């Protein structure tokens, strides 16, 4: 149910706090995850350590080659196996009760088989013989499931090659080690560590009285931005929009989505209202990253809708989190908002993180020949209100 508009209140002025936050050293867990993400993205092997100090050596599935698989085998002294998200395993016909699935091959895996199993966009490779594969569920609180979560944080396909040393311990030095518990808590810790690092006046075409405030997590990760228009009165609910970055729609004007229209329309509407805030969140492609979004586009061209394409890749239909948005609003001194959105889940998410949503403001734009199916899917499957 849409909350009733808030009552008229006496004029009050409570300015936004845009002063930079104090620099603080990054907690070691954030640093460890950040380094592991970088190693995984460049195709290196990392060690994921459990609470019992046992480790698994892991390699991103999309980095699997004959050379890297041999390196993984040598490091662990055991045969590697494939880890997939439960979503991807289900797509392949092997639904599992755990958070992830372990696939073992009697003769081991070669790089082509790994590619076929991990990447639905791969089409020119023969399907593996399922009779040669065994599939086991893996619980969420394990090093193996954590390796898949790490691949997601790296904006890679949610699949890894893993090998467990027979002794269960770290065998060689020189490999980046990250704890499974730190991977699980990374997004929450990074969001809570956000601080304001920069602010500048940036006149926009539809809103000349605009400035941009940049927020950075303690580990030096990718920044989120707040576009502040006018002088919002934080003593009253502030007109606000949460906008996940969309390179194709926001910058290139892609017609496959409505993101560009929503971004520019929100800026114009806030300017017309006199004041408000647009949070520009670094969560491309519903949190799966640009490269994976392009993979999803390929699957959509084959007939899948936007949510099913994400599931084919092994992701949830929406991987975004909204704690960063709530934290940014708090740092700006905003406790209550009039939220411009068609997505009731955004209202629920902000409320769950302590931000009062006094009103949901509809934010609808006309469809075009290229995004009609996309918008219909958001309404029928995503619960968006149009």
Among residues belonging to the stretch 224-233 that are surrounded by fewer than 21 Cβ atoms within 10 Å (Cβ to Cβ) and touching a strand residue (DSSP E or B) at 6+ places or on another chain (Cβ under 9 Å), point out the one that is nearest to residue 327 (Cα to Cα). 225
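Among 194, 117, 133, 92, which is the only one that is within 30 Å of residue 328 (Cβ to Cβ), in contact with a strand residue (DSSP E or B) (Cβ under 9 Å, 6 or more places away or on another chain) and either buried (at least 17 other Cβ atoms within 10 Å of the Cβ) or in contact (Cβ under 8 Å) with a residue 24 or more places away in the chain (or both)?
The conditions single out 194.
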For the stretch 313-345, give me the residue count where each residue is outside any loop (DSSP other than H, G, I, E, B) and buried (at least 20 other Cβ atoms within 10 Å of the Cβ). 11
Within the stretch 208-221, which residues are surrounded by fewer than 22 Cβ atoms within 10 Å (Cβ to Cβ) and either outside any loop (DSSP other than H, G, I, E, B) or in contact with a strand residue (DSSP E or B) (Cβ under 8 Å, 6 or more places away or on another chain) (or both)? 209, 210, 211, 212, 214, 216, 218
Got at least one residue in the stretch 361-383 being part of a helix (DSSP H, G or I), closer than 26 Å to residue 191 by Cα and at pLDDT 90 or above? no
Report those helices (runs of 4 or more DSSP H) wholly inside the stretch 8-94 carrying at least 3 residues which are under 28 Å from residue 225 (Cβ atoms) and either in the same structural domain as residue 104 (by TED's automatic domain parsing) or at pLDDT 90 or above (or both). 28-41
Complete set of residues in the stretch 239-272 that are in contact (Cβ under 8 Å) with a residue 40 or more places away in the chain and touching a strand residue (DSSP E or B) at 6+ places or on another chain (Cβ under 8 Å): 239, 240, 241, 242, 244, 262, 266, 267, 269, 270, 271
Test residue 141 against the criterion of being under 23 Å from the mean Cα position of the chain (by Cα) and surrounded by fewer than 17 Cβ atoms within 10 Å (Cβ to Cβ), and give yes or no. yes
For the stretch 300-307, check the following and say yes or no: at least one residue is in contact with a helix residue (DSSP H, G or I) (Cβ under 9 Å, 6 or more places away or on another chain), buried (at least 19 other Cβ atoms within 10 Å of the Cβ) and modelled with pLDDT of 95 or more. no
In the stretch 180-187, is there at least one residue being in contact with a strand residue (DSSP E or B) (Cβ under 8 Å, 6 or more places away or on another chain), surrounded by 14 or more Cβ atoms within 10 Å (Cβ to Cβ) and more than 30 Å from residue 278 (Cα to Cα)? yes
Does the stretch 101-114 hold any residues that are touching a residue at least 40 places away in the same chain (Cβ under 8 Å), over 10 Å from residue 84 (Cβ atoms) and outside any loop (DSSP other than H, G, I, E, B), and which are they? 111, 114
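The values are calculated or read from the model by the stated rules, or taken from the named source; none is laboratory data. Here the structure is a predicted model, which means the values were calculated and not measured. All Cβ positions, glycine included, derive from the backbone under ideal geometry; neighbour counts span all protein chains shown.
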